[in-house]
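Asker: Have a look at this one.
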Amino acid sequence: MFARRSLFAMVTALGAIMAAKVLAQTCQATYTVVSGDNCVAIAAKFNVTDAALLAANPAVDANCDNLFIGQQLCIPLPPANCKSQYTVVAGDNCVAIAAEFSVSDAALLAANPAVNAQCSNLSVGELLCIPLPPAGCSAQYTVASGDVCISIANKFGITAAQLQSANPQIDAACDNLAVGELLCIPA
């Protein structure tokens with residue numbers, strides 16, 4: 001019986017050491033759950049998305065209702081493809097957030113896999129990844145009413161030819177810009 005207890009204690013200790021090593025390799029930090037914690041608050045505290053926190057902690061269920069005081073959580077590194085992060089406020093929707101940061105709706109959704117295609121599951125306080133512009137673009141610009149190639153180019157200190165080269169959908173006369181269209185501003 002004593003040998004069985006010793007073996008159990010040794011296996012338990014070894015498991016804890018292995019878990020600590022795995023956490024150290026994949027987490028930017030660890031966090032100990034305290035009374036009143038929830039996933040949204042913990043994610044916001046460490047500037048990571050709820051989805052990333054859940055992905056880094058597979059023992060936590062999707063509703064985050066199985067946290068317990070003293071539990072160690074992995075705090076994941078922010079995604080490399082995020083230019084910044086945005087905290088959802090009341091009244092937000094994906095179209096407005098994408099426009100505010102000059103990214104496409106599709107790029108915003110791709111960078112935030114926990115958000116459904118209809119963008120109907122945003123939660124106030126949720127952190128969203130704002131994706132980097134596509135390769136070769138220093139920024140993106142959303143075409144507004146009255147915009148023409150030269151006015152857009154002048155805003156960014158480039159030529160109209162450079163703008164057109166980075167956006168092959170723009171015709172030679174630059175008369176096919178559409179309000180709301182997202183343009184690549186070349187680096």
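FYI, it's all coordinate maths here, none of it is from the lab. Small disclaimer: the values here were computed from a predicted structure and weren't measured. Backbone-built Cβ (ideal geometry, glycine too); neighbour counts: all protein chains shown.
Asker: State, to one decimal in nm, how far the label point of Ala80 lies from the label point of Ala41, with both points 7 Å from Cα in the Cβ direction.
Answerer: With each label point 7 Å from Cα toward Cβ, the separation is 3.4 nm.
Asker: Apply the Kirkwood formula to region 55-163: the hydrodynamic radius equals the inverse of the mean of 1/r over all pairs of different alpha-carbon atoms; give it in Å with one decimal.
Answerer: 16.5 Å is the Kirkwood radius here.
Asker: Rg over Rh of region 82-131, using C-alpha atoms and the Kirkwood radius, what does it come to?
Answerer: Over the Cα atoms of region 82-131, Rg/Rh equals 0.89.
Asker: Write down Rg/Rh for region 116-170, rounded to two decimals, with Rg from the C-alpha atoms and Rh from the Kirkwood relation over Cα pairs.
Answerer: Rg divided by Rh gives 1.12.
Asker: Relative contact order for the chain: what percent, with Cα pairs under 8 Å and sequence separation of 6 or more?
Answerer: On the way: 243 pairs, mean separation 35.0, N = 187.
19 percent.
Asker: For a bin width of 10 Å, list the pair-distance distribution of the chain built from all Cα-Cα distances, rounded to whole %.
Answerer: 8, 27, 24, 18, 12, 7, 3, 1, 0
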